[in-house]
Amino acid sequence: GIIAIAADHGGYKLKEEIKPYIESLGHTVTDFGTYSEDSVDYPDYAAPCARAVVSREMDRGIVICGTGIGISIAANKIKGVRCANKVKGIRCAQLSDLMSARLTREHNDANMLAMGARIIGGELARGIVKAFLETDFSNGKRHIDRINKITELERAK
Ligand code: RB5
(Lines give C-alpha, C1' and ligand atoms only; values in the text may rest on other atoms or scores of the structure.)
Protein backbone atom coordinates (compact mmCIF):
# COMPACT_ATOMS: atom_id res chain seq x y z
CA GLY A 1 0.00 0.00 0.00
CA ILE A 2 0.87 3.67 0.22
CA ILE A 3 2.05 4.58 3.71
CA ALA A 4 2.09 8.15 5.05
CA ILE A 5 4.82 8.76 7.59
CA ALA A 6 5.56 11.74 9.84
CA ALA A 7 7.54 12.58 12.97
CA ASP A 8 8.58 15.48 15.15
CA HIS A 9 12.24 16.13 16.05
CA GLY A 10 12.07 13.41 18.75
CA GLY A 11 10.97 10.85 16.16
CA TYR A 12 13.03 12.04 13.20
CA LYS A 13 15.84 9.47 13.51
CA LEU A 14 13.50 6.51 13.98
CA LYS A 15 11.42 7.72 11.01
CA GLU A 16 14.53 7.70 8.83
CA GLU A 17 15.40 4.23 10.12
CA ILE A 18 12.03 2.62 9.45
CA LYS A 19 11.37 4.26 6.05
CA PRO A 20 13.56 1.83 4.07
CA TYR A 21 12.18 -1.02 6.17
CA ILE A 22 8.58 -0.16 5.17
CA GLU A 23 9.71 -0.07 1.53
CA SER A 24 11.41 -3.45 1.95
CA LEU A 25 7.99 -4.86 2.95
CA GLY A 26 6.71 -3.81 -0.49
CA HIS A 27 5.04 -0.49 0.33
CA THR A 28 5.46 3.02 -1.03
CA VAL A 29 6.27 5.68 1.58
CA THR A 30 5.22 9.33 1.46
CA ASP A 31 7.18 11.34 4.03
CA PHE A 32 5.42 14.34 5.61
CA GLY A 33 8.52 15.41 7.58
CA THR A 34 10.07 16.59 9.78
CA TYR A 35 13.42 16.48 8.01
CA SER A 36 15.87 17.29 10.81
CA GLU A 37 16.30 17.24 14.59
CA ASP A 38 15.39 20.93 14.90
CA SER A 39 12.57 21.41 17.40
CA VAL A 40 9.07 21.42 15.87
CA ASP A 41 5.50 20.93 17.14
CA TYR A 42 4.10 17.41 16.65
CA PRO A 43 0.50 18.51 15.78
CA ASP A 44 1.91 20.22 12.67
CA TYR A 45 3.16 16.84 11.43
CA ALA A 46 0.35 14.60 12.70
CA ALA A 47 -2.32 16.65 10.91
CA PRO A 48 -1.19 16.45 7.24
CA CYS A 49 -0.32 12.78 7.69
CA ALA A 50 -3.76 11.95 9.17
CA ARG A 51 -5.53 14.07 6.51
CA ALA A 52 -3.82 12.04 3.80
CA VAL A 53 -5.22 8.88 5.42
CA VAL A 54 -8.85 10.08 5.79
CA SER A 55 -8.78 11.47 2.24
CA ARG A 56 -7.90 7.93 1.07
CA GLU A 57 -4.80 9.18 -0.71
CA MET A 58 -2.80 6.97 1.67
CA ASP A 59 -3.75 3.53 2.99
CA ARG A 60 -2.14 3.80 6.44
CA GLY A 61 -0.23 6.34 8.49
CA ILE A 62 2.74 5.94 10.82
CA VAL A 63 3.67 8.78 13.19
CA ILE A 64 6.55 9.06 15.65
CA CYS A 65 7.40 11.49 18.44
CA GLY A 66 9.31 11.13 21.72
CA THR A 67 6.63 9.06 23.45
CA GLY A 68 4.24 8.46 20.55
CA ILE A 69 1.52 9.97 22.72
CA GLY A 70 1.32 13.61 21.65
CA ILE A 71 1.41 12.76 17.96
CA SER A 72 -1.27 10.03 18.37
CA ILE A 73 -3.59 12.35 20.29
CA ALA A 74 -3.21 14.96 17.53
CA ALA A 75 -3.79 12.42 14.71
CA ASN A 76 -6.96 11.16 16.41
CA LYS A 77 -8.41 14.70 16.35
CA ILE A 78 -8.58 14.80 12.55
CA LYS A 79 -12.20 14.36 11.49
CA GLY A 80 -13.35 11.51 9.30
CA VAL A 81 -14.19 12.16 5.66
CA ARG A 82 -17.27 10.78 3.91
CA CYS A 83 -16.84 9.05 0.56
CA ALA A 84 -19.43 6.89 -1.26
CA ASN A 85 -21.59 7.00 1.90
CA LYS A 86 -18.81 5.55 4.06
CA VAL A 87 -16.95 7.65 6.59
CA LYS A 88 -13.25 7.00 6.93
CA GLY A 89 -12.08 8.23 10.32
CA ILE A 90 -8.70 8.09 12.01
CA ARG A 91 -8.03 5.29 14.45
CA CYS A 92 -4.47 5.88 15.57
CA ALA A 93 -3.00 3.42 18.09
CA GLN A 94 0.09 4.23 20.15
CA LEU A 95 1.99 0.95 20.29
CA SER A 96 5.05 -0.43 22.04
CA ASP A 97 4.43 -4.18 21.83
CA LEU A 98 3.80 -6.77 19.12
CA MET A 99 0.64 -8.26 20.61
CA SER A 100 -1.13 -4.89 20.64
CA ALA A 101 0.04 -4.22 17.07
CA ARG A 102 -1.69 -7.39 15.89
CA LEU A 103 -4.81 -6.94 18.03
CA THR A 104 -5.41 -3.30 17.13
CA ARG A 105 -5.51 -4.35 13.47
CA GLU A 106 -7.75 -7.38 14.11
CA HIS A 107 -10.17 -5.63 16.48
CA ASN A 108 -9.97 -1.86 15.95
CA ASP A 109 -9.00 -1.79 12.25
CA ALA A 110 -6.47 0.88 13.31
CA ASN A 111 -5.34 2.84 10.26
CA MET A 112 -2.56 4.78 11.97
CA LEU A 113 0.28 3.65 14.18
CA ALA A 114 2.12 5.93 16.62
CA MET A 115 5.44 5.02 18.27
CA GLY A 116 7.72 6.67 20.81
CA ALA A 117 11.35 6.92 19.76
CA ARG A 118 12.36 7.51 23.39
CA ILE A 119 10.38 4.44 24.49
CA ILE A 120 11.22 1.66 22.03
CA GLY A 121 14.28 0.72 19.96
CA GLY A 122 14.56 0.26 16.21
CA GLU A 123 14.27 -3.52 16.29
CA LEU A 124 10.97 -3.51 18.21
CA ALA A 125 9.71 -0.61 16.06
CA ARG A 126 10.31 -2.68 12.91
CA GLY A 127 8.47 -5.64 14.44
CA ILE A 128 5.52 -3.44 15.34
CA VAL A 129 5.47 -1.88 11.86
CA LYS A 130 5.48 -5.33 10.24
CA ALA A 131 2.68 -6.65 12.45
CA PHE A 132 0.66 -3.45 11.93
CA LEU A 133 1.03 -3.52 8.14
CA GLU A 134 0.58 -7.26 7.65
CA THR A 135 -2.33 -8.08 9.98
CA ASP A 136 -5.80 -7.90 8.45
CA PHE A 137 -8.94 -6.66 10.19
CA SER A 138 -10.99 -9.62 11.47
CA ASN A 139 -14.18 -8.23 9.87
CA GLY A 140 -16.06 -9.62 12.86
CA LYS A 141 -19.52 -8.11 13.21
CA ARG A 142 -19.06 -7.10 16.85
CA HIS A 143 -15.86 -5.27 15.93
CA ILE A 144 -17.49 -3.51 12.97
CA ASP A 145 -20.37 -2.39 15.25
CA ARG A 146 -17.91 -0.97 17.80
CA ILE A 147 -15.87 0.86 15.16
CA ASN A 148 -19.08 2.35 13.75
CA LYS A 149 -19.87 3.63 17.25
CA ILE A 150 -16.46 5.31 17.37
CA THR A 151 -17.15 6.97 14.03
CA GLU A 152 -20.51 8.16 15.42
CA LEU A 153 -18.72 9.80 18.35
CA GLU A 154 -16.98 12.14 15.91
CA ARG A 155 -20.34 13.44 14.78
CA ALA A 156 -21.77 13.84 18.30
CA LYS A 157 -22.24 17.42 19.51
C1 RB5 B 1 9.03 16.72 22.32
O2 RB5 B 1 10.01 17.10 23.23
C3 RB5 B 1 8.12 15.68 22.94
O4 RB5 B 1 7.27 16.28 23.86
C5 RB5 B 1 7.33 14.99 21.85
O6 RB5 B 1 8.21 14.36 20.98
C7 RB5 B 1 6.38 13.91 22.30
O8 RB5 B 1 7.01 13.00 23.15
C9 RB5 B 1 5.09 14.35 22.85
O10 RB5 B 1 4.21 13.50 23.15
Being modelled with pLDDT of 95 or more and of a type in the set (Asp, Glu) is the filter here, so list the residues in region 123-157 that pass it.
Glu123, Glu134, Asp136, Asp145
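Quick check: anything in region 42-60 out of contact with any helix residue (DSSP H, G or I) (no Cβ under 9 Å at 6 or more places or on another chain), in a helix (DSSP H, G or I) and within 13 Å of the ligand (Cβ to nearest atom)?
First, the residues of region 42-60 that are out of contact with any helix residue (DSSP H, G or I) (no Cβ under 9 Å at 6 or more places or on another chain): 48, 51-52, 54-56.
With in a helix (DSSP H, G or I) added as a condition, the list becomes 48, 51-52, 54.
When the remaining residues are screened for being within 13 Å of the ligand (Cβ to nearest atom), the result is none.
No, region 42-60 has no match at all.
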Is one or more of the residues making up region 61-78 surrounded by fewer than 17 Cβ atoms within 10 Å (Cβ to Cβ), within 21 Å of Thr135 (Cα to Cα) and of a type in the set (Lys, Arg)?
no
Could you check Val29 against (1) within 16 Å of the ligand (Cβ to nearest atom); (2) surrounded by fewer than 22 Cβ atoms within 10 Å (Cβ to Cβ); (3) part of a strand (DSSP E or B) and say which number it fails?
(1)
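Looking at Ile90, Ile128, which one is away from the ligand (no atom under 16 Å from the Cβ), within 12 Å of the chain's Cα centre (by Cα) and part of a helix (DSSP H, G or I)? I'd like the intermediate steps shown before the answer.
Working: Ile90 fails: part of a helix (DSSP H, G or I).
It is Ile128.
The values are calculated or read from the model by the stated rules, or taken from the named source; none is laboratory data. Since we're looking at a predicted model, the values are computed, not measured. Glycine gets a Cβ as well: all are built from the backbone with ideal geometry, and neighbour counts include every protein chain shown.
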